[in-house]
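Remarks on the structure that follows.
Since every read-out is calculated from the coordinates, none of them should be taken as a lab result. All values reported here derive from a predicted model rather than from experimental measurement. Cβ: placed from backbone, ideal geometry, glycine included. Neighbour counts: every protein chain shown.
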Amino acid sequence: MVEELFDTQNQIVNIILLAIALLLLMSFAIVLFFYFSRRKITKAELEKAKFEIDYQKDLLQATIVTQEEERKRIAQDLHDAISSKLNVVSLNANMLTDGEISSEETQKIGDSIHTITATVLENSRRIAHDLLPPTLEKFGLQAAVEELCEELTDTEKFELKHSIDYVEGSLKPEKELHVFRIIQELMNNTIKHSEAKTITLDLTSGENNLSLRYKDDGKGFQKENIKNAKGLGMSGIENRAVILEGDVQINSSPGEGIEVFLTTKTNHAN
Amino acid sequence: MDSYLKILSEITVYFSLFYPILYLKSFVSQNKAFKIFTLYLVLLGVIQLTMRMSTKVWELDSNLFLSHYYFIGQFILLSLFYVQLLKFRWIYGILAIVLLFLGYQYISNPELYHMYNPLGFFITHTIIVIYALLYMYRSLSGKKEFTLANIGIFMYLLSTALIFGSGNLIFNLEVPESFSQLLVDINKVLFLAFQILIFVEWWKNYSIPKTKS
């Protein structure tokens, strides 16, 4: 009887000891579990941060490339449209000061100088206009985009269907400029590369969102090459969309033209 | 073996008096959580010292009454500590409910004062372990203070819930002295591990005074 009792007691004692060991083991396991989870989470966060840094680097590089290209274009424009023509003016002026020319010739040279300076004036106005369209600053996005559309229609190469319904003040001026640049870039692409016949442009600003839809029926390009299509200014468009804190979707395939959707929040949404 | 455990026992006592001093050194400049935790360490030191005095100096028959001060003080201070870390207001509610329950327990059964209170140990330890677990979950992302001390609290309270909880049972069973001694020794080893973690926490995070920039 006593032995039996002792056995039962021993069993209880053993169970208590086992339970303590089990609790210790469990607590160890839980601590280890948390430790390894934490390491995993930290690693994932590090990778995410690295990815973001890489992305920022790409963005920066693309910006620099674009900037350099733009400088090159401006330099070319200045050279072709202004410097070379001013050279001719300078040459003509020299001939005038020579003195040994007939009045008929003077008249001819004067006319030439007049024509050339008029062209130079027109060119310099165009260059300045390209750099920053005065319409945008003076009359806002609606007018500036309408002007772009008019210019495009004037070329008579494309059929343009557009509907522009932008409420002034929906975006901050600097954001309006980005939207304008995106449209300008898309139109430039169409003009330069696409061989398109028809262009569709819809720009609408609602209560909270601004949406832009641009479509042409040109030759398009491989969607996989969008990222590499730096020459097409696609990365520029994407960068501007990032600055606008908006979403941009670029759909294109060979022979199918290009379709771009851009949405961004308006001032009222914030 | 016994002599080792005796040395270990001495170490835990002196250690528990030593590290509150380390924490007290930076008491003023630290936040509320640190202050509450320091008070908790002081409580542990005082309990350890009183336990030692009660047997060696005052030669009392039993020092079981100290266990009540230990677990109730521990529950109050660690609850406040986790309020600071977790920022959950409902911890105050739980604290009040448990204290009311314990109060009722002692009023309805004053005899309990001279025994272990297994239910009290179980409830308070389990609740603190849950807080520690919540805090571990929260420290998964990013560096948080008191990570090591939290692990120490979690492991020590979880494993000793049963040791203290089974105290009365062991007395009633009249098991051999060696067994109850074994439980005491296990507790000592775990307590030392807990102390080491608290010391490492201090060493890593608070040993060098913060320079304000």
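Cross-linked pairs B:K32/B:K144; A:K175/A:K197; A:K161/A:K192; B:K35/B:K144; A:K72/A:K219: Cα-Cα separations exceed 23 Å for A:K175/A:K197; A:K72/A:K219. Using the beta-carbon distance between A:L18 and B:M51 and R0 = 22 Å, what value does 1/(1 + (r/R0)^6) give for FRET efficiency, to the nearest 0.05? So, using R0 = 22 Å, E works out to roughly 0.20.
Computed 3J(HN,Hα) for the stretch A:26-33, one whole-Hz value per residue from the Karplus formula 6.51 cos²θ - 1.76 cosθ + 1.60 where θ = phi - 60°, is 4, 5, 4, 4, 5, 4, 4, 4, glycine and proline marked x.
Between A:S124 and A:I41, the contour length at 0.36 nm per residue exceeds the Cα-Cα span by 24.1 nm. Search the structure for amide H atoms under 5 Å from the amide H of B:Y116, placed 1.01 Å from N in the peptide plane, and list their residues when 5 or more places away or on another chain. Distant-sequence amide H within range of B:Y116: B:N168. When the charge dipole of the protein assembly as shown is built from unit charges on Cβ atoms (+1 for Lys and Arg, -1 for Asp and Glu) and taken about the Cα centre, the candidate among B:M136, B:N150, A:Q11 whose Cα reaches farthest toward its positive end is A:Q11. Charging the Cβ of each Asp and Glu at -1 and of each Lys and Arg at +1, and nothing else, the dipole of chain B about its Cα centre rounds to 1380 debye. Remark on the stretch A:101-175: hydrodynamic radius 15.6 angstrom, per the Kirkwood mean of 1/r across alpha carbon pairs. Computed over the stretch A:135-270, the percent of Cα pairs more than 24 Å apart is 26. Sequence-ordered 3J(HN,Hα) estimates for the stretch A:88-93 from the Karplus curve with 6.51, -1.76 and 1.60 and θ = phi - 60° stand at 4, 4, 4, 4, 4, 4 Hz, glycine and proline given as x. When each of A:V13, A:V65 is scored by the number of other beta-carbon atoms lying within 10 Å, the sequence from fewest to most is A:V65, A:V13. Under 5 Å from the amide H of A:L160 lie the amide H atoms of A:I199, each residue being 5 or more positions distant or on a separate chain, with H modelled from the backbone and absent for Pro and chain starts. Computed over the stretch A:1-131, the alpha-carbon pair-distance distribution with 5 angstrom bins reads 2, 8, 8, 7, 6, 6, 5, 5, 5, 4, 4, 4, 3, 4, 3, 3, 3, 3, 3, 3, 2, 2, 2, 2, 1, 1, 1, 1, 0, 0, each value a whole percent.
Across chain A, the longest run free of exposed loop sites, meaning GluC sites (Glu not before Pro) lying outside DSSP classes H, G, I, E and B with no more than 16 other Cβ atoms within 10 Å, spans A:1-99. What the phi angles of the stretch A:99-109 give under the Karplus curve with 6.51, -1.76 and 1.60, with θ = phi - 60°, is a coupling list of x, 8, 10, 6, 5, 5, 5, 4, 4, 5, 5 Hz, glycine and proline written as x.
If a/c stays under 1.5 just call it rounded; otherwise compare a/b with b/c (prolate if a/b is bigger, oblate if not). Do that for the stretch B:2-205, with a ≥ b ≥ c from the square roots of the Cα gyration tensor eigenvalues.
Details: a/c = 1.73, a/b = 1.26, b/c = 1.37.
Taking the square roots of the gyration eigenvalues as a ≥ b ≥ c, the stretch B:2-205 is oblate.
From the Kirkwood radius over Cα pairs of the protein assembly as shown, Stokes-Einstein at 10 °C and 1.306 mPa s returns a whole-number translational diffusion coefficient of 52 µm²/s.
Straight Cα distances below 19 angstrom link A:K48 to the aspartates and glutamates A:D58, with same-chain residues fewer than 8 positions distant left out.
How crowded by other chains is B:183-195, given as the mean number of beta carbons from other chains within 10 Å of each beta carbon? Let's see the in-between values first.
Working: counts 4, 0, 0, 4, 1, 0, 0, 3, 0, 0, 1, 0, 0.
Mean number of neighbouring Cβ atoms from other chains: 1.
Leaving out same-chain residues fewer than 8 places away, which lysines sit with a Cα under 19 Å from that of B:K6? Those lysines meeting the cut-off are B:K56, B:K188.
Can you tell me the mean projection area, over all orientations, of the convex hull of chain A's alpha carbons? Units nm², please. Let's see the in-between values first.
On the way: hull surface 104.8 nm².
Spelled out: convex hull of the Cα atoms, projected over all directions, averaged, 26.2 nm².
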